[in-house]
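Report on the structure given below.
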Amino acid sequence: MGYSSKSPWVIHYDASSCNGCDIEVLAALCPGFDVERFGIINTGDPKHADIFLVTGSVNERNIDIIKQIYDQMVEPKVVVACGICACSGGIFHDCYNVIGGVDKAIPVDVYAPGCAVRPEAIIDAVVQGIAVLDQKAEALKAMKKGA
Amino acid sequence: MGTASVIPFGPQHPVLPEPLHLDLVVEDEVVLEAMPQIGFVHRGLERLVRSKDYNQFLYVAERICGICAFGHSMGYAETVERLMGIEIPQRADYLRTIWHEMSRIHSHILWLGLAADAFGFESLFMHCWRLRERVLDLFEKTTGGRVIFSVCKVGGVQRDISPSQMSEILAVLDGLRDEYSQLVKTFLGDSSVYSRTAGIGAIPHKDAVELSMVGPFGRASGVNYDVRMLGHGAYGDLADFQPVLSTDCDCYARMEVRCAEVLQSIDIIAELASKIPAGDIMVPVKGNPAVDAEACNVLEQPRGECYYYAKGNGSKYLDRMRMRTPTSQNLAGMTLALKGCDLADVNMIILTIDPCVSCTER
């Protein structure tokens, strides 16, 4: 288990979500659910972040920003799609300005459905994300050794 | 004097959970002009009214914004009821108002937390969000949802609040009042908070009226307007309602107004709970809105006046659904407040209008 997978730092971006999932992401970090006690901190800097929590259904205006944040993050990195809009577009699927799901823009590792996604589901997804993060770190190490 | 340069603010910024982009023209750390750019949350919800019928659209209306979710479903339901001439039972009206006022409490405490985070008071932020969880627990007990309730329907509400639940609500809110008052002491009495907010981003009363600012943002500049004082629905049965006003016009005043409004909402809920009539909570809804029938409605959201308009076309689909949200009213005030401020105060000023980007852009 690497240092980053013990206490991964998360970054959050609202990709045209209704705020419901965003405040639940924050609520998961705050007292009540309090994942900060494990050292999981919400950071504003993509370069410090290990896990990318994306909420919302992604539209034409912000798809580039999601890609940009994803590219700025340092490997290994994990993307968690929070909420049903981020997974598939949800209730907004038919809207003209909705692309429908984060996986249309960047590769997603863990899906956390729900409208709005419950903090328990976010925590569960982050825990699954930690396992993925470990795998990716191992693969990265092996690749470096091989090179 | 240096030369002017442009600094981008957002859309991904730690101070706001929402994407708001500003181009700040700065010279020597002083903001000369702020140009907001929007569209990051635009989904095109008003168009959905053509493909979802008026009952289905209620669930879309609720998802316009996750913070004022109940307010939007209530505002939409009331508009459609006016459109079709439906009279809802009084108990349903009271229940809606109680949930709406609880949403205001949760929204204002959420905002106070974010404001504390913006001026760098992390522990105060955590305390605010700890208190907010109790209101969310009440929502979960009475409606089943923490954020999106789906409890409002055209024609009434889907769930009743039992007497035991009502007394629990009152007990929890009473307990909240004590702890909340201690937090307010820090917000309004702490010298470090005062120095970060007092005199910052002032908007004189005259400008506030001219820019038709609404909600706590306007009331902090002395704009004596709150939709609740018009006495629609259950608000008309309140013994007395006076909008919370301040005349200081700065960030501190806006904080003051919101701090007082939470206590006011607790009082309103207590009064409504003592007066709530027994009876049905829903009337059956039949038929469709008539051709060219029009209805409009105003509602005091946590962020200010929200205006709804709906037009029928004889089918189960509405012809047009339009709303004007408080944040779109207040954006002009925000750009005015940002003019001439320090770069370090930008995030504080943006937060004090309590921007709700997803309401504004829909």
I'd like the antiparallel share, as a percent to the nearest 5, of DSSP beta bridges with both residues in the protein assembly as shown.
70 percent
With N residues in segment B:158-268, Rg(alpha-carbon) / (2.2 N^0.38 Å) equals 1.26
For B:12-22, what's the mean count of beta carbons from other chains sitting within 10 Å of each residue's beta carbon?
5
Highest to lowest packing among B:323-329, B:160-166, B:141-147, scored as the average C-beta count within 10 Å
B:323-329, B:141-147, B:160-166
Size of charge dipole - chain A - debye, nearest 20, with Cβ of Lys, Arg +1 and Asp, Glu -1, no other charges:
480 debye
Please give the residues from segment B:106-138 for which the solvent-accessible area of heavy atoms, probe 1.4 Å, is smaller by at least 40 Å² with all protein chains in place than with the chain isolated.
B:MET126, B:TRP129, B:GLU133
May I ask you to give the solvent-accessible area per residue for the protein assembly as shown, in square angstrom, as obtained with a 1.4 angstrom probe?
37 Å²
Between B:LEU24, B:ILE169, B:ALA293, whose Cα lies farthest towards the positive end of the dipole of the protein assembly as shown when Lys and Arg beta carbons carry +1 and Asp and Glu beta carbons carry -1, centred on the Cα centre?
B:ALA293
For the ranges B:175-182, A:53-60, B:11-18, what's the packing order if you count other beta-carbon atoms within 10 Å of each residue, average per peptide, and put the highest first?
A:53-60, B:11-18, B:175-182
Of B:LEU211, B:HIS72, B:TRP129, which is farthest along the charge dipole of chain B in the positive direction, counting Lys and Arg as +1 and Asp and Glu as -1 at C-beta?
B:HIS72
Picking from A:ILE11, A:ALA105, A:MET73, whose Cα lies most toward the positive end of the charge dipole for chain A (charges on Cβ: Lys, Arg +1; Asp, Glu -1)?
A:MET73
Order by protection proxy (mean Cβ within 10 Å, highest first), peptides B:207-213, A:115-121, B:55-61
A:115-121, B:55-61, B:207-213
Partner shielding of B:147-156, taken as the mean number of other chain Cβ atoms within 10 Å, equals 2
Go ahead and set up a Gaussian network model of chain B, Cα springs under 10 Å, then flag whichever of B:ALA92, B:ALA239, B:ALA332 fluctuates most.
B:ALA239
In peptide A:20-28, how many Cβ atoms from other protein chains are near each Cβ within 10 Å, on average?
6
Which FRET efficiency value, to the nearest 0.05, do you get for B:ALA198 and B:VAL172 by plugging their Cβ-Cβ distance into 1/(1 + (r/R0)^6) with R0 = 35 Å?
0.60
How high is the relative contact order of chain B, in percent, with contacts defined as C-alpha pairs under 8 Å that are six or more residues apart?
25 percent
Interface B/A, total buried accessible area with a 1.4 Å probe, nearest 100 Å²?
3200 Å²
Any idea what % of Cα-Cα pairs in the protein assembly as shown are farther than 37 Å?
28 percent
What is the spin-label model distance, in nm, from B:ARG324 to B:LEU343 if the labels are put 7 Å beyond Cα along the C-beta direction?
3.7 nm
In chain A, which whole DSSP H runs stretch at least 18 Å along their own axis (Cα) and average 0.0 or higher on the Kyte-Doolittle scale?
A:119-146
Separation in nanometres of the label points that stand 7 Å from Cα toward Cβ, at A:GLN72 and A:PHE38
2.6 nm
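The values are calculated or read from the model by the stated rules, or taken from the named source; none is laboratory data. Worth saying up front: this structure is predicted, and the values here are computed from it rather than measured. Here Cβ is always computed from backbone atoms with ideal geometry, including for glycine, and neighbour counts include all displayed protein chains. Note: areas computed on protein heavy atoms with side chains; ligands, DNA, RNA excluded. Shrake-Rupley method; radii C 1.70, N 1.55, O 1.52, S 1.80 Å.
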